[in-house]
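A short write-up of the structure that comes next.
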Amino acid sequence: MPEINAEKCLEKRLMGRLLPVEDLQRVFQQTRGLWEKLHGRRVFFTGASGFFGSWMLESLLFAGTKLEFPFQSLVLTRNAKHFSESLPHIAGDSRVELMEADAATMPEPEGAVDYVVHSLVPDAGTSLGDQEVFFRSATGWLLDVAVKKHVEGFLLCSTGAVYSPHDSAGAFSEDDPRVSPGGPLCYGQIRRNVEDLCLEAWKYRNVPVKIARGFTFVGPRLPLDAGFAIGNFIGDGLAGRPITVKGDGTAVRSYLYAADMAVWLWTILLGGQPGRAFNVGAEEAISIGDVANSVGLLFDAQVVVEGKAEAGMAPSIYVPLTGRARDELGLCAWTGLSEAIEKTIRFSAGGSFPNKKSQALLRPCPVCGCFSGQVLHTQHFILSKDHPLQDHYDVVACDACGFCFADTPISQTAYDAYYSSMSKYADNATSTGAGVSEWDAGRLGQLAGHVAEFTPDLSARILDVGCAAGGLLAALQARGFTEVCGIDPSPLCVELTGRVAPGRVWTGTLTRLPDGIGSFDGIILSHVMEHVCDLRSAMERLRSLLNPGGWVYIEVPDAARYGQYLVAPFQDFNTEHINHFSMTGLANLFRQCGFHPEVGGIKEIFSAKDIPYPALFWFARVADSPQAIEKDGTLRAALEGYVRASAERMRRLDETIRRTLAKQSSVIVWGTGQLTMKLLAETCLREADIEVFVDGNPVNQGKELIGRKVISGTELSSGSTPILVCSQINSAAIIQSIRSLGLTNPIVELSDKSE
Ligand SMILES: [Zn+2]
């Protein structure tokens with residue numbers, strides 16, 4: 001009995017399935033104006049059973065049916081029987097005629113040929129030498145056909161592999177040098193020579209050649225076992241295997257969804273200038289490791305990275321610049337990566353998606369208002385007694401716009417009460433905003449410089465929302481701004497800041513604006529919006545406070561880079577940061593609320609001495625016309641990587657605490673901040689005999705945590721009980737406090753020694 005090859009059966013099933021109607025519909029909508037050119041024409045396809053060819057042919061059949069225009073297609077195949085078996089719905093269509101021939105015979109097709117789609121590739125496993133012969137002879141023959149038949153368009157499906165690899169990391173533009181035509185034989189060179197054959201035919205024989213240089217794709221019919229990383233990951237997930245990364249996961253790719261790809265290819269053939277090459281792909285880059293994490297999360301599967309990163313080696317980047325396709329043909333990547341992966345899985349799994357963790361949200365997406373999202377992580381906290389916030393929430397990605405945020409049912413009112421009562425910014429020594437330390441003064445000075453650059457008018461009336469202890473106001477005044485104002489929920493902060501800008505600082509928040517503060521030429525929200533529950537009404541209020549032509553500056557942590565700046569595990573999933581912005585996410589918030597984002601960028605700030613932290617910003621003004629938002633296709637995968645790395649770090653902290661507790665019956669825990677709240681919830685610290693908690697911030701002193709008192713360091717006396725320093729961000733400052741108080745207890749740091 002012959003052995004059944006399960007993988008082959010899967011492939012066969014995938015090929016035979018009709019493409020999703022919603023995708024064909026989408027291709028049709030985006031290409032509607034182009035099809036007139038094919039009215040009554042005959043299109044010759046090579047490689048029609050492949051990924052490119054089958055998407056093009058099937059979308060053509062769909063459009064022809066929709067618009068009821070007559071056309072014919074002639075499909076070159078090496079084996080008509082095999083083609084009919086693998087794509088019966090195409091082979092059986094009366095508008096499709098199969099022409100059986102192999103590379104050796106290559107007869108001239110009978111009848112008219114008006115367009116050629118050349119996406120023929122040799123069989124897998126063909127040697128480089130044979131590939132060269134194959135491409136050269138097949139292309140030469142096709143170009144002869146094109147000349148004889150006077151074709152109106154000739155699409156060469158080429159590849160980004162024709163570009164000469166960059167020395168510096170970066171994306172490829174059409175003007176970049178290609179692989180040298182001499183030199184040792186390689187795939188890129190073979191494909192380059194094919195391009196040159198075609199370009200010569202345009203130059204000297206008038207064949208209207210258009211070149212599409214494909215990069216990396218994802219979508220229905222992508223082979224799941226043919227060396228495409230993303231396809232392999234999906235194949236792993238469908239087969240119930242761990243998602244296996246063959247390399248070290250640092251290589252960077254970008255993925256264009258197949259339906260978008262079909263739009264691009266048809267648009268290039270029917271709308272592109274002859275003799276011109278266009279990159280075909282997405283610009284949004286993502287590491288292979290993050291792609292694996294993303295697929296792993298969807299399947300709830302483990303991710304295994306087999307390769308090791310080489311120190312100092314830049315990741316290999318294979319990403320196109322697509323300005324030419326965008327500017328000349330109006331093309332863009334309409335489908336985000338998460339959506340593209342999900343669609344591919346759903347198609348490959350036969351329509352169902354049992355493991356998908358989408359859920360109805362407690363808090364609708366604060367950017368677009370969507371009510372459903374997918375869980376990336378569930379964060380738990382142990383909170384002090386009578387704490388107004390919730391002891392856990394899910395971090396979710398919005399299904400519609402891709403924004404990521406804490407799905408908490410806590411109201412804005414509760415957050416406002418929390419901030420006015422528990423403001424940690426009252427403690428100048430270890431908190432940000434006051435501009436007291438050198439590193440923080442540097443950040444505020446730089447921000448003031450940015451503002452001065454954007455708005456040279458020094459008499460502009462500028463409001464700093466969440467002014468804390470007034471550090472930014474002082475920095476702006478130092479730049480010469482005369483009308484700086486501030487509001488802050490904490491009366492203590494307002495008192496401190498009042499000394500910087502007398503009479504222009506008020507107690508309040510965006511939701512509880514003080515009366516009679518007037519209007520402003522500019523409003524600054526630096527590290528505020530990640531805390532705000534109801535973002536859209538906050539934006540409404542900002543608009544109402546602006547003078548005509550006024551601007552808003554928003555700076556927030558850059559969630560897309562959390563993973564690159566990881567210090568304490570899950571540091572950014574805390575009780576206070578409930579919105580996770582990327583450049584796209586913040587721009588979308590502005591657009592959704594009628595603003596036009598004008599100038600933006602990413603930056604590095606410091607969250608404590610020597611601890612860099614990623615941030616991003618946009619300056620925006622009120623827009624004249626409604627602004628469309630774009631789906632953020634990459635943030636989610638970046639956060640999935642961050643979750644994985646944080647979980648590993650949390651596990652190591654658990655080991656450190658376990659070792660400490662093995663030697664001592666009890667400990668003193670110094671610090672009751674975000675890390676402690678998580679350690680108590682998720683490590684063996686919850687079982688420890690904690691003598692007492694110490695916290696430097698007066699607002700925390702006197703509180704009660706798991707039945708133990710929180711005291712100040714001065715109330716502690718020396719002894720043999722070890723002090724566990726429960727902060728990674730401020731650990732140096734805490735150790736200094738312990739030393740300066742003359743305490744002789746052993747100190748245990750939660751360092752990450754295993755790195
Ligand atoms: Zn959304």
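The values are calculated or read from the model by the stated rules, or taken from the named source; none is laboratory data. Note that the coordinates shown come from a computational prediction; the quantities given were computed from them, not determined experimentally. Using ideal geometry, Cβ is built from the backbone for each residue, glycine included, and neighbour counts are taken over all protein chains shown.
The numbered conditions (1) modelled with pLDDT of 80 or more; (2) in contact with a strand residue (DSSP E or B) (Cβ under 6 Å, 6 or more places away or on another chain) are all true for Trp439 except (1). Of the strands (runs of 3 or more DSSP E) lying entirely inside region 53-132, the ones with 3 or more residues being free of Cβ contacts under 8 Å to residues at least 40 places away in the same chain are found at 72-77, 96-100. The set of residues from region 655-683 being surrounded by 15 or more Cβ atoms within 10 Å (Cβ to Cβ) and without any contact (Cβ under 8 Å) to a residue 40 or more places away in the chain comprises Leu661, Thr683.
Taking residues in region 622-633 that are within 20 Å of Cys401 (Cα to Cα), and partners anywhere that are in a strand (DSSP E or B), the pairs with Cβ atoms closer than 8 Å and at least 6 places apart or on different chains are Gln627/Phe595; Gln627/His596.
Within region 176-235, work out how many residues are without any contact (Cβ under 8 Å) to a residue 40 or more places away in the chain, of a type in the set (S, T, N, Q) and assigned to a loop (DSSP other than H, G, I, E, B). Residues meeting the conditions: 1. Of all the residues in region 369-406, those that are within 12 Å of the ligand (Cβ to nearest atom) and of a type outside the set (Val, Ile, Thr) number 15. The lone criterion from (1) part of a loop (DSSP other than H, G, I, E, B); (2) modelled with pLDDT of 80 or more left unmet by Gly373 is number (1).
Pairs are defined by a Cβ separation below 7 Å, a sequence spacing of at least 6 or placement on different chains, a first member in region 546-567 that is within 16 Å of Phe403 (Cβ to Cβ) and in contact (Cβ under 8 Å) with a residue 24 or more places away in the chain, and a second member that is assigned to a strand (DSSP E or B) and β-branched (Val, Ile, Thr); the pairs so defined are Asp558/Ile602. Taking every residue in region 361-374 that is within 16 Å of Arg636 (Cα to Cα) and pairing it with any residue that is among the polar types (S, T, N, Q), at least 6 positions away or on another chain, the pairs with Cβ-Cβ distances below 6 Å are Val367/Asn588; Val367/Gln592; Ser372/Ser358; Gln374/Ser358. Just so you know, in region 651-687 the residues that are part of a loop (DSSP other than H, G, I, E, B) and more than 39 Å from the chain's Cα centre (by Cα) include one that is nearest to Val567 (Cα to Cα), and it is Gln664. So which residues in region 356-368 are at pLDDT 85 or above, hydrophobic (A, V, I, L, M, F, W, C) and more than 10 Å from the ligand (Cβ to nearest atom), if there are any at all? Across region 356-368, the qualifying residue is only Leu362. For region 332-355, taking the residues that are within 20 Å of the chain's Cα centre (by Cα) and of a type in the set (A, V, I, L, M, F, W, C), the one that is modelled with the lowest pLDDT is identified as Ile345.
Just one residue in the set Leu513, Leu473, Leu566 is touching a Gly at 6+ places or on another chain (Cβ under 9 Å) and either outside the structural domain of Arg652 (by TED's automatic domain parsing) or within 30 Å of Ala285 (Cβ to Cβ) (or both); that residue is Leu473.
Residue count for region 275-311 satisfying the condition of being surrounded by 15 or more Cβ atoms within 10 Å (Cβ to Cβ) and either among the basic types (Lys, Arg) or within 30 Å of Trp202 (Cα to Cα) (or both): 9.
In region 133-147, the residues that are without any contact (Cβ under 8 Å) to a residue 40 or more places away in the chain form no Cβ pair under 9 Å with any partner that is acidic (Asp, Glu) and assigned to a helix (DSSP H, G or I), whether six or more places apart or across chains. If I ask for residues that are more than 18 Å from the chain's Cα centre (by Cα) and of a type in the set (D, E, K, R), which ones from region 574-609 would you list? Selection gives Glu576, Arg591, Glu598, Glu604, Lys609. Of everything in region 548-565 that is over 9 Å from Phe581 (Cβ atoms) and touching an Asp or Glu at 6+ places or on another chain (Cβ under 6 Å), the residue that is surrounded by the most Cβ atoms within 10 Å (Cβ to Cβ) is Tyr562.
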